[in-house]
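Presented below is the structure to which this report refers.
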Amino acid sequence: MKESAYIDGTFIDLKEYAVQLEDRGYQLGDGVYETLRVYDGVCFGVKKHLERYRNSMRALNIPITDTDEELYNLFNEMIQKTEIKDGLIYFQLSRGTAPRSLQSPYPSLPHLNVIIRDTPINTEWQENGIRAALVEDIRWLRCDINSLNLLGNVVAMDQAVKANGATALLYRKDANIITEGVDANFFVVKEGILWTHPKNNLILPGVTRELIMERLSKQLDLTVVEKAFKPEFAYSAEEAFLTNTENEIVPVKAIDRNTIADGKPGEITKSLQKAYRELVKKGIDMDENE
């Protein structure tokens, strides 16, 4: 498998031990992260991912260090070094190293870590769909921040796997509403209309979600409604799908024991998948006028 890592200005082998024991990201989950997909040796949607990365940094008062251009150049250098054509770039920024304390150090000297790995898209999921297990959303109330602390997501995924689901679909028990997937945004189709949870503190503002809402839905003349809905609303949907950077658009064929329609990917889902792949071929990078 092709892979490489970068830590604070140095390229290293992933097998090397490079974590500083008092890094706040390591001890407290104090930091932010992003994931980029590489298609045919080119980063996709860099500008949108870096915008979300900066928003998360500002929300946590983590100093902005590297410029967008410097990060973009670093990603391209790693792609060239590994010769990866199709893969994922994971990058994270911790608040830095300091004696363990809940009080943030001042001044902060953030640590940047980047990993690139050859990672194919799960085409079986895309073509056939997956089963999701409904799990209570126990995450904190700032899910719009791409924080390093993902323990609530980990617990949810473990519960989903035990329930024989490929992934977890999260719901807030107090309001009895579905928020999103454990690592993806969630859409349902009702009478030809797309429904998804509104963009707020309870969901991550997904880049793929945004592309569907701002580009693909208009291209395909689809109406999108941002409104919270109950699990029962999803059970009776004509179609359902998850969206994220890693696997693009993945049909959901069942939630627990509730089969969605006939249990097969729907026509609107398939049309969105096709339109997304066409957008990928066109490419969206730092220099493109969006």
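The values are calculated or read from the model by the stated rules, or taken from the named source; none is laboratory data. Keep in mind it's a predicted model, so treat the numbers as computed, not measured. FYI the Cβ positions are ideal-geometry reconstructions off the backbone, even for glycines, and counts take in every protein chain you see.
Looking across segment 225-247, just one residue is β-branched (Val, Ile, Thr) and surrounded by fewer than 17 Cβ atoms within 10 Å (Cβ to Cβ), and that is Val225.
Across segment 131-165, the number of residues qualifying as free of Cβ contacts under 8 Å to residues at least 40 places away in the same chain, small (Gly, Ala, Ser) and touching a Lys or Arg at 6+ places or on another chain (Cβ under 7 Å) comes to 1. Tallying residues that are closer than 30 Å to Glu267 by Cα and assigned to a loop (DSSP other than H, G, I, E, B) within segment 77-116 yields 2. For segment 22-74: of the residues being hydroxyl-bearing (Ser, Thr, Tyr) and either touching a Phe, Trp or Tyr at 6+ places or on another chain (Cβ under 9 Å) or without any contact (Cβ under 8 Å) to a residue 24 or more places away in the chain (or both), which is surrounded by the most Cβ atoms within 10 Å (Cβ to Cβ)? Checking each candidate, the answer is Ser56. Scanning segment 90-105 finds no residues that are at pLDDT below 95 and in contact with a Gly (Cβ under 6 Å, 6 or more places away or on another chain).
Lys264 meets the stated requirement of being in contact with a strand residue (DSSP E or B) (Cβ under 8 Å, 6 or more places away or on another chain), at pLDDT 95 or above and either surrounded by fewer than 18 Cβ atoms within 10 Å (Cβ to Cβ) or not small (Gly, Ala, Ser) (or both). Taking segment 170-193 as the range and being farther than 16 Å from Arg209 by Cα and among the aliphatic types (A, V, I, L, M) as the test, the residues that pass are Leu170, Ala175, Ile177.
Each row is one residue, and each column tells you yes or no for (1) in a loop (DSSP other than H, G, I, E, B); (2) under 21 Å from Met213 (Cβ atoms); (3) within 23 Å of the chain's Cα centre (by Cα); (4) not assigned by TED's automatic domain parsing to the domain that holds Asn164.
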| position | (1), (2), (3), (4) |
| --- | --- |
| Ala240 | no, yes, yes, no |
| Thr243 | no, yes, yes, no |
| Glu246 | yes, yes, yes, no |
| Ile249 | no, yes, yes, no |
| Val252 | no, yes, yes, no |
| Asp262 | yes, no, no, no |
| Pro265 | yes, yes, yes, no |
| Lys270 | no, yes, yes, no |
| Tyr276 | no, yes, yes, no |
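Screening Glu214, Glu210, Glu226 for residues that are within 23 Å of Glu136 (Cα to Cα) and acidic (Asp, Glu) leaves exactly one candidate, Glu226. Is it the case that some residue within segment 90-109 is surrounded by fewer than 19 Cβ atoms within 10 Å (Cβ to Cβ), over 29 Å from Leu141 (Cα atoms) and of a type in the set (A, V, I, L, M)? No, the conditions are met nowhere in segment 90-109.
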